[in-house]
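The values are calculated or read from the model by the stated rules, or taken from the named source; none is laboratory data. Quick caveat: nothing in here was measured; it's all calculated off a predicted structure. Methodologically, a virtual Cβ is constructed for each residue, glycine included, from the backbone with ideal geometry; neighbour enumeration extends over all protein chains shown. Just so you know, the surface numbers come from the protein's heavy atoms only, side chains and all, with ligands and any DNA or RNA stripped out. Shrake-Rupley method; radii C 1.70, N 1.55, O 1.52, S 1.80 Å.
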Amino acid sequence: MPPVDRRNPIRAASSESTCSLLEFAREFPDDESCLVWLWRERFAPDGEHAHCSRCDAERVFKRYETAQKRPCWFCRTCGFRIHPLKGTIFERSSTSLQLWFYAMYIMASTRCGISAKQLERELGVTYKTAWRMFNRIRNQLMVQDDSPLSGEVEADETYVGGKPRQSERNALYRQGIVAPRQSERNALYRQGIVAQRGRNYDKHVIVFGAVERRGRVVAKVIANSGGPLLRETVSTHVIPDSMLFTDDYHAYKTLDRKYRHRRIRHSAKIYVDGDVHTETIEGFFGLTKNGIRGVYHSVSRKWLQGYLNEYAWRYNRRDNPGSMFHALLGEAISRAV
Ligand SMILES: [Zn+2]
């Protein structure tokens, strides 16, 4: 056996392992190091020379050293100040930068997410603060990019949260809202008795998802699972002429006109037929739902999109080289206004 270098351990192949907790601590040991990192990444790669918009030239900048330790640098020539936090999600936050960075580190390095309660314990902040940080990271940094999918794309919809119990289903059925079983519901739909699958289930939220095979995913909360909205959502997120795979839910049927479209007959209990299946998007839904169930227990309609962002963000970077944490830091910079 070759001698093992304990200072340079052998890495697991996963991307998380490219930035371990110890490396995080080494790179960002305190607040100032986080600030300097932002300063260098956004304005001054060498930490000293930056473009001064007042001089309209490259100038030497110096850290603003006063008792208050304001987080800014000033131009040695004209005194113009640059604030590295300006326009980022960290601006005007009373939470320390290092805690922000650590929260991002945790969110980027767990597979299934982490609860605000856990973050509260790890960071020693209040629950409210932890929760706000998460929300801002999910909704401002992990935003799903809206460029449409192409190639081989699977689309599907799912329900998240409180599935109605059988008794509730029966009650809904008696009101003529929904049939108790999928196959019966479809039959009733064909007879024109039920208007739409799943309509008026107010306990759960409908999520539309589409995924490029071996590529990106989009996941959006939608208001209902009616045909018009579903088809419109597909059109928004999938480029025409793509190879589209869906199940045989009637709402997708007329998409044949716009896409090369193959449908797998879930109603006949067929789930895979050669390359016709929706297993990829269902895999993503499964991961997300399990995560929500296990980590967050339940999520209200209002916040669900944020969680979907978080899962989609990680999914879309699963094969990227480099750590997800640094990718997330990159978002903090590129999304600064
Ligand atoms: Zn200047």
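Once phi is turned into ³J(HN,Hα) by the Karplus curve 6.51 cos²θ - 1.76 cosθ + 1.60 with θ = phi - 60°, what whole-Hz value does each residue of region 133-142 show in order, with x for glycine and proline?
4, 4, 4, 5, 5, 5, 8, 10, 9, 9
What is the percent carbon and sulfur in the accessible area of region 223-336, measuring with a 1.4 Å probe over the protein chains and ignoring ligands?
Working: 2690 of 5390 Å².
Solvent-exposed carbon and sulfur of region 223-336 make up 50 percent of the total.
5 Å is the cut-off here: which amide hydrogens, built 1.01 Å from N in the peptide plane, fall below it relative to Ala50, excluding neighbours closer than 5 in sequence?
It is Arg59, Phe61, by chain and number.
Which lysines have a Cα less than 28 Å from the Cα of Lys269, not counting those fewer than 8 places away in the same chain?
The qualifying lysines are Lys163, Lys203, Lys220, Lys253, Lys258, Lys289.
Treat every Asp and Glu Cβ in region 60-163 as -1 and every Lys and Arg Cβ as +1, leave all other atoms uncharged, and give the resulting dipole magnitude about the Cα centre to the nearest 20 debye. Spell out each step's value before the answer.
Working: 16 positive and 10 negative charges, 213 e Å.
So the dipole magnitude of region 60-163 works out to roughly 1020 debye.
What is the extension gain from Asn224 to Asn290, computed as 0.36 nm multiplied by their sequence separation minus the C-alpha to C-alpha distance, in nm to one decimal? Could the numbers behind the result be given before it?
On the way: separation 66, 0.36 × 66 = 23.76 nm, distance 2.23 nm.
The span from Asn224 to Asn290 would gain 21.5 nm if fully extended.
With every protein chain kept in place and ligands, DNA and RNA left out, what is the accessible area per residue of region 228-337? Probe 1.4 Å, answer in Å². Show your work: numbers first, answer last.
Numbers: 5380 Å² over 110 residues.
I get 49 Å² per residue for region 228-337.
Apply the a/c threshold of 1.5 to the C-alpha gyration tensor of region 26-72 and tell me whether it is rounded, prolate or oblate. Mind dumping the intermediate values first?
Working: a/c = 2.97, a/b = 1.48, b/c = 2.01.
Verdict is oblate for region 26-72.
So what J values fall out for region 330-337 if you push phi through Karplus, 6.51 cos²θ - 1.76 cosθ + 1.60 with θ = phi - 60°, rounded to Hz, Gly and Pro as x?
Going residue by residue, I get x, 5, 4, 7, 5, 8, 5, 10 Hz, with x marking Gly and Pro.
Work out how much length Glu58 to Arg260 would gain on full extension: take 0.36 nm times their residue separation and subtract the Cα-Cα distance, in nm to one decimal. Mind showing how you got there, number by number?
Working: separation 202, 0.36 × 202 = 72.72 nm, distance 5.40 nm.
Separation in residues times 0.36 nm, less the Cα-Cα distance, equals 67.3 nm.
Given labels modelled 7 Å from the Cα in the Cβ direction, how far is it in nm from Ser334 to Asp30?
Simple spin-label model gives 3.2 nm for this pair.
At 1.4 Å probe radius, can you tell me the per residue accessible area of region 71-148 in Å²?
Values: 3600 Å² over 78 residues.
Ligands and nucleic acids excluded, the figure is 46 Å² per residue.
By its C-alpha gyration tensor, with a ≥ b ≥ c as the square roots of the eigenvalues, how is region 6-125 shaped: rounded for a/c under 1.5, else prolate for a/b larger than b/c, else oblate?
prolate
Taking a point 7 angstrom from the Cα of Ser267 along the C-beta vector, which residues in region 234-249 have backbone N less than 11 Å away?
Zone members listed by number: 248-249.
Scan region 29-60 for trypsin sites (Lys or Arg not before Pro) in coil per DSSP, keeping those whose Cβ has at most 15 other Cβ atoms within 10 Å, and list them by number. It would help to have the intermediate numbers written out before the result.
Details: sites: Arg40, Arg42, Arg54, Arg59; in loops: Arg54.
Passing sites in region 29-60 are Arg54.
Loop only per DSSP, at most 13 neighbouring Cβ atoms within 10 Å: give me the GluC sites (Glu not before Pro) in region 15-94, ordered by residue number.
Details: sites: Glu16, Glu23, Glu27, Glu32, Glu41, Glu48, Glu58, Glu65, Glu91; in loops: Glu48, Glu65, Glu91.
Sites meeting the loop and neighbour criteria: Glu65, Glu91.
How large, in percent, is the carbon and sulfur part of the accessible surface of region 32-144 at a probe radius of 1.4 Å? Write down the numbers at each step before the final one.
On the way: 2710 of 5710 Å².
Within region 32-144, the accessible surface is 47 percent carbon and sulfur.
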